[in-house]
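Have a look at the structure below, then the notes.
Taken together, the values in this text are just the output of simple stated rules run on the coordinates, not laboratory data. A quick note: this is a predicted structure, and the numbers were derived from the prediction, not measured. Neighbour counts are summed over all protein chains in view; Cβ atoms, including those assigned to glycine, are modelled from backbone coordinates with ideal geometry.
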Number of protein chains: 2
Amino acid sequence: MSFIFFENYTEGWGTFFRIKEILCHKESKYQKIEIFESWDHGKVMVIDGAVMFTEKDEFTYHEMIVHVPMFSHPNPERILVIGGGDGGTVREILKHDTVKEVLLVEIDEVVIELAEKYFPQTTCELKNPKTKILVRDGIEFLKECQEAYFDLIIVDSTDPVGPAVGLFESDFYNACYRALKDDGILNVQSGSPYFQKDLIEKVKNTISMIFPIARVYIAGVPMYGGLWSFTIGSKKYDPKMGPVREDYKITSNLKYYNYDIHRGAFALPNYLRKGV
Amino acid sequence: MSFIFFENYTEGWGTFFRIKEILCHKESKYQKIEIFESWDHGKVMVIDGAVMFTEKDEFTYHEMIVHVPMFSHPNPERILVIGGGDGGTVREILKHDTVKEVLLVEIDEVVIELAEKYFPQTTCELKNPKTKILVRDGIEFLKECQEAYFDLIIVDSTDPVGPAVGLFESDFYNACYRALKDDGILNVQSGSPYFQKDLIEKVKNTISMIFPIARVYIAGVPMYGGLWSFTIGSKKYDPKMGPVREDYKITSNLKYYNYDIHRGAFALPNYLRKGV
């Protein structure tokens, strides 16, 4: 028996994985979640046909979505993660001793359950006493949450289809602004510079109408078709200026992020810079 | 009728293209060359089963292999390209007014012939009076070529299989050193940071035993599995310090390269930095 998994990035181009074994396929209230053991990338989580991460390369995405905004803030204590039910983002956040509380608001409890069953590598900090998990729509949560409470909000969502659509709208970013302290930072995964350029432009333009500082940065994520983008809205600190603190106890154990990478990540290709 | 092209990056992971039409498949003395019209990436050239470039995204690779070393040199006049029979590298070099002569030494004339037939986009400067083409083994050529003649040598080769094996050996880099002026620069495509890390380390270590300055830089090339690396050996100028001259007449018309990208490209992920 032999399976191959395909994901199209565009109509005519995409990626494939050889599968050793299909471990799970489950339809939740919101989406279809599949997990397989790949030939040489460890276990892979797929949501609605798109690779969320592989065990082998998840470090790039999770380190880059977390440490760029974390090291752009002098004292990030209270962190909110919207989405990110696989736990990889929480794991990276908790490497910082400054952190007092991480609240993970994930709409789909099935993602958390399956991640806990199959991915100890990413869920290892979900039981940390500093971590709180709320199974709830992030948009609803932010409407009601306390004002000026968080230092950092990370939106670790799927693409803007299904339950994630509202996470790319200005109402949501306004609610994030309200929930952040007056030196708070919002960071949003904003798609592929190569095949979702319109999405990045929309996110950047919307965030720059709300936050005084809006910045796009990129990282090389092989499993997402090469390059990936993140968009930051910041009230006070400019992440493009580089890290505002250094902690080699953290960075010496990372696989991707370092302070040069942080600064270099804000250099955008011409084709992207013209739009954002 | 319907074809799909697959390329494995690792045993269990790779990329695919939907094919509109197979335009050509030809076995030369050295390698198998195939050209197809893809669904949404224009025409694609494949050598020995590996995508060389697509019309849609060749700009990233060609701009990055050329403009980083070109802008690291104050006055690059004589340029040698080893390989690069598709012409894309020559096209980028000739955007610089400093250039007096480009010598393209390509072992396989079939690559040049097919590129001229199918890819006017990349071959457009092969007929430029400043361009000279020599169909010859680059290794043999360098053994006999004039000493201290070139300002820049670019090795735009395939992976180290078949005719390209010798292009990754120290004898060859020594011959390049000899052929370069005393402020000359060598730039070599050195594979994927993600799945050819050993190759990059080997190239970097070999070049750093010959040249006083050795630097690795990276770019996001979706068609090569995400990230790609280049390794520079330099006698005088440190390309990591950034461009030594600026020419907005060139850069304002590029799609990828700009001066921030140049500087940012030398920031390497931890997993790569530890080895090189």
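Here are some notes:
- Summing charges over all other residues whose Cβ lies under 13 Å from the Cβ of B:TYR61, with Lys and Arg as +1 and Asp and Glu as -1, gives -4.
- In terms of its C-alpha gyration tensor, chain B comes out rounded, because the ratio a/c of the largest to the smallest axis stays below 1.5.
- Arranged from fewest to most other beta-carbon atoms within 10 Å of their beta carbon, B:VAL188, B:VAL51 become B:VAL51, B:VAL188.
- Under 13 Å from a label point set 7 Å out along the Cα-to-Cβ vector of A:SER170, the amide N atoms of segment A:201-223 belong to A:202-211.
- With its label point put 7 Å out from Cα toward Cβ, B:ILE22 sits 3.0 nm from the same residue's point in the other copies, in order from shortest.
- Peptides B:157-168, B:65-76, A:119-130 ordered by average Cβ neighbours within 10 Å, highest first: B:65-76, B:157-168, A:119-130
- Pairwise FRET efficiency - B:ASP97 versus B:ALA50, Cβ, R0 = 45 Å, nearest 0.05: 0.85
- Environment charge at A:TYR224 (Cβ cut-off 12 Å; Lys +1, Arg +1, Asp -1, Glu -1): -4
- Label distances, nm, B:ARG178 versus same residue in remaining copies, Cβ-directed 7 Å point: 7.4
- Between 0 and 90°, nearest 10: helix A:109-118 axis offset from chain A longest Cα axis: 60
- Exam field: B:LEU134 pseudo-label spacings to other copies (7 Å along Cα-Cβ), nanometres: 7.0
- On Cα atoms only, tilt of B:197-208 relative to the major axis of chain B in degrees: 30
- Loop sites in segment B:1-76: trypsin sites (Lys or Arg not before Pro), DSSP, at most 14 other Cβ within 10 Å: B:LYS29
- For the residue pairs A:LYS100/A:LYS181; A:LYS274/B:LYS249; A:LYS29/A:LYS117; B:LYS20/B:LYS117; A:LYS130/A:LYS236, the C-alpha atoms sit more than 23 angstrom apart in A:LYS130/A:LYS236.
- Simple rule: put +1 on each Lys or Arg Cβ and -1 on each Asp or Glu Cβ in segment B:3-54, find the dipole, and look at B:ILE4, B:HIS25, B:THR54; the Cα lying farthest toward the positive end is B:HIS25.
- For segment B:134-143, backbone phi angles converted through the Karplus equation (6.51, -1.76, 1.60; θ = phi - 60°) give residue-by-residue couplings of 10, 8, 6, 5, x, 5, 4, 4, 5, 4 Hz, Gly and Pro being listed as x.
- Residue-averaged beta-carbon neighbours from other chains (10 angstrom radius) around B:251-260: 3
- Electrostatic bookkeeping for B:HIS96 treats Lys and Arg as +1 and Asp and Glu as -1; over the other residues with beta carbon under 15 Å from its beta carbon, the sum is -2.
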